[in-house]
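Have a look at the structure that comes next, please.
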Amino acid sequence: MIERGGGNRGENRPPAKGRGGRPAAPGRRPGASGSKGGPSRRGGLGLKRLGGDDFVLVHPKCVREMELDYEEGIELRKAGDPEAARDALRFALQGCGDNIWVHVALGRIALDDFKDPTLARGHFGYAFELAERAIPGGFAGRLPREHPSNRPLYDALDGLIACHEALGAADLAGELRGKAASWSRPNSPRRPG
């Protein structure tokens, strides 16, 4: 699995287009999804138990296939060319629309470089929705924040929270903080049997 650490490394990508070529609205589920138990035939995200209550996101194979394009986008941004970075990352999406690392990187560019929290919210929101589709309703497990496969989910949540705050939607930011805290909570101590 591709390791994407914290900080700017797990950057976000712009939202994928919904039906009609418009970005999917944050809070709504994009397109048709595969089963909740694993990646869909289309290559969507899945969920895998690590052990106990710990789970990790399982990313589609196309993430690895488009890794060089993702890395190029990140390097272009670091070199101070966010527009070229955005183009490289959009190209990476053409080969893997379910790559949440790319969506997070595009969100970071929109928020940090272009100061556009509305556009960034679309990118972060779509990344979050992609991951959320893999998580069954009523999920009571834990998605360790420190696991590299789960990191882009939390990067998307952090970006989405920042966007909601910038746009004056503190209530939505609070809901997302609660969800992140629920999924990343520390393991409960084991009781002696």
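Can you tell me which residue within the range 132-148, out of those that are of a type in the set (A, V, I, L, M, F, W, C) and surrounded by fewer than 24 Cβ atoms within 10 Å (Cβ to Cβ), is nearest to the chain's Cα centre (by Cα)?
Filtering the range 132-148 for residues that are of a type in the set (A, V, I, L, M, F, W, C) and surrounded by fewer than 24 Cβ atoms within 10 Å (Cβ to Cβ), the one nearest to the chain's Cα centre (by Cα) comes out as I135.
Can you pull out the residues in the range 66-112 that are of a type in the set (D, E) and under 21 Å from R151 (Cβ atoms)?
E67, D69, E71, E72, E75, D98, D112
Within the range 154-193, which residues are at pLDDT 95 or above, small (G, A, S) and part of a loop (DSSP other than H, G, I, E, B)?
Residues satisfying the conditions are G168, A169.
Of the residues that make up the range 16-26, is at least one within 15 Å of L106 (Cβ to Cβ), at pLDDT below 95, touching a strand residue (DSSP E or B) at 6+ places or on another chain (Cβ under 6 Å) and assigned to a loop (DSSP other than H, G, I, E, B)?
Looking for residues that are within 15 Å of L106 (Cβ to Cβ), at pLDDT below 95, touching a strand residue (DSSP E or B) at 6+ places or on another chain (Cβ under 6 Å) and assigned to a loop (DSSP other than H, G, I, E, B), one finds none in the range 16-26, hence no.
Anything in the range 111-123 that is touching a residue at least 24 places away in the same chain (Cβ under 8 Å) and either small (G, A, S) or in a helix (DSSP H, G or I) (or both)? List them, or say none.
Across the range 111-123, the qualifying residues are L111, D113, P117, T118, L119, A120, R121, G122, H123.
Tell me, yes or no, whether the range 96-110 has at least one residue that is crowded, with 17+ Cβ neighbours inside 10 Å, on the phi < 0 side of the Ramachandran plot, small (G, A, S) and not in a helix (DSSP H, G or I).
Looking for residues that are crowded, with 17+ Cβ neighbours inside 10 Å, on the phi < 0 side of the Ramachandran plot, small (G, A, S) and not in a helix (DSSP H, G or I), one finds at least one in the range 96-110, hence yes.
The values are calculated or read from the model by the stated rules, or taken from the named source; none is laboratory data. Here the structure is a predicted model, which is why all the values come from computation and not from measurement. Cβ sites come from the backbone with ideal geometry, for glycine too, and all protein chains shown count toward neighbours.
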